[in-house]
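Undergrad: Here you go, one structure.
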Amino acid sequence: MRKLLLLLLIAPAALAQELWLAPASYRVAVGTAVPVKLLIGSDFAGKNWPRPTRRVLRFVRYGPASPTDTTDLRPALLTDSLAPTLRCNTAGTHLLALSSQLAYLELPAAEFTAYLRQQGLGEALRQRQEAGVAATKPGREAYHRCAKALVLATQGPHLPPAAADTAFRRVLGLALELVPEQNPYRLRPGAALTVRVLRQGQPVAGALVRVWQATAPTKQSETSTVTSFTTRANAQGRVLLRVPGPGPYLLATVHLAPASPALAARADWLSTWASLTFGGPAAGAKGY
């Protein structure tokens, strides 16, 4: 009995993991080669995502302004699956976007219930309870992931004009995505940042969003520290947060819906995971 209780406590935490893009630096010099890790984990602590070349559907870099300034990053991933190399040859904020193939899992009923509670997916739990299967029917789930990151490339001390630096707010129409409405690199420390939760371009009202901020090691502490909080999107799919320093930051959200008939042989539910990573304003920045 004790062993079963431990499994119920541990398993949901192990399964409730985010995937995010982690460039070696979120601020780079124009033209510099920058490794980008694909990490999976929880609480902004991750390890390399196993076998990404089999799982990645799309992996693209979008330039600061021009729609034609794009790079397919899958060849870089095939060359180095642990840390593919990114080059930003234009000054401004570059947007990286990754989408994964579908994968499948099945959890015993009690573990699936714990997982739904941990992720704030109360509607799915309610539906299972009303159907009388929450305590008996395993949770069969198909899932896929959408990860985005913002990288600032600079040439000299000044950023390009804001009107020529708009990729950060580009809506890609992903299955689920987090889209900032302000450029976090152009904010002053402590300023507000609004982020939209969009599902195929449409706002997701009430979405639960988890936010982590990492801070660099100090003289008093040789390790970085991570703080976090959760918030819910309003009726327009927006969340509000503050960016007190250079970060980096990780935002993550999950959407769960009944699986389509095409997936019914293997799954009852389809979950979509989205993440967004970025750096924040430099110390002493006055905003732009």
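No lab work stands behind these numbers, since they all come straight from the coordinates. Only a predicted model underlies this, so the values are computations on that prediction, with no experimental measurement involved. So basically every Cβ, Gly included, is an ideal-geometry build from the backbone, and we count neighbours across all protein chains shown.
Undergrad: Lys/Arg Cβ at +1, Asp/Glu Cβ at -1, dipole of region 2-278 taken about the Cα centre: which of THR227, ILE40, THR272 is farthest positive-ward?
TA: THR227
Undergrad: Binned at 10 Å from 0, what are the whole-percent values of the Cα-Cα distance distribution for the chain, short to long?
TA: With 10 Å bins starting at 0, P(r) equals 6, 27, 35, 21, 8, 2, 0.
Undergrad: At most 13 other Cβ atoms within 10 Å plus a DSSP loop assignment makes a site exposed; report the longest stretch of the chain without any exposed GluC sites (Glu not before Pro). Walk me through the numbers on the way to the answer.
TA: Working: sites that count: GLU181, GLU222.
Maximal segment without exposed cleavage sites: 1-180.
Undergrad: Oh, and also: Using 7 Å Cα-to-Cβ label points, what is the GLU106/ASP43 separation (nm, one decimal)?
TA: Each label point is offset 7 Å from its Cα along the Cβ direction, giving 3.2 nm.
Undergrad: Please enumerate, by chain and number, the aspartates and glutamates with C-alpha under 14 Å from the C-alpha of LYS137, excluding those fewer than 8 residues away in the same chain.
TA: Leaving aside aspartates and glutamates fewer than 8 places away in the same chain, those within reach of LYS137 are GLU106, GLU111, ASP268.
Undergrad: Using only DSSP helix segments of four residues or longer, with each worth -39500 (n - 2.57), what per-residue ellipticity at 222 nm results for the chain after dividing by its residue count and rounding to 500? Mind showing how you got there, number by number?
TA: On the way: 5 runs with 43 residues, N = 288.
Value at 222 nm, helices only: -4000 deg cm²/dmol.
Undergrad: Within 10 Å of each residue's Cβ, count the other Cβ atoms and sort LYS137, LYS47 from fewest upward.
TA: Details: LYS137 14, LYS47 10.
Ordered from fewest to most neighbouring Cβ atoms within 10 Å, LYS137, LYS47 come out as LYS47, LYS137.
Undergrad: Using the count of nearby Cβ atoms within 10 Å as a rough guide to exposure, how do SER260, SER224, SER100 rank from fewest to most? Provide the component values of the computation, followed by the final result.
TA: Values: SER260 10, SER224 13, SER100 23.
Listed from fewest to most nearby Cβ atoms, that is SER260, SER224, SER100.
Undergrad: Please enumerate, by chain and number, the aspartates and glutamates with C-alpha under 13 Å from the C-alpha of LYS148, excluding those fewer than 8 residues away in the same chain.
TA: Leaving aside aspartates and glutamates fewer than 8 places away in the same chain, those within reach of LYS148 are GLU18, GLU177.
Undergrad: Something else: What trypsin sites (Lys or Arg not before Pro) in region 132-227 are in a loop by DSSP, with at most 11 other Cβ atoms within 10 Å of the Cβ?
TA: Values: sites: ARG140, ARG145, LYS148, ARG169, ARG170, ARG186, ARG196, ARG199, ARG210, LYS219; in loops: ARG170, LYS219.
The qualifying sites are LYS219.
Undergrad: Residues with amide H under 5 Å of GLY245's amide H, sequence separation 5 or more or different chain, H placed in the peptide plane at 1.01 Å from N; which?
TA: Close amide H contacts, sequence-distant or interchain: GLY190.
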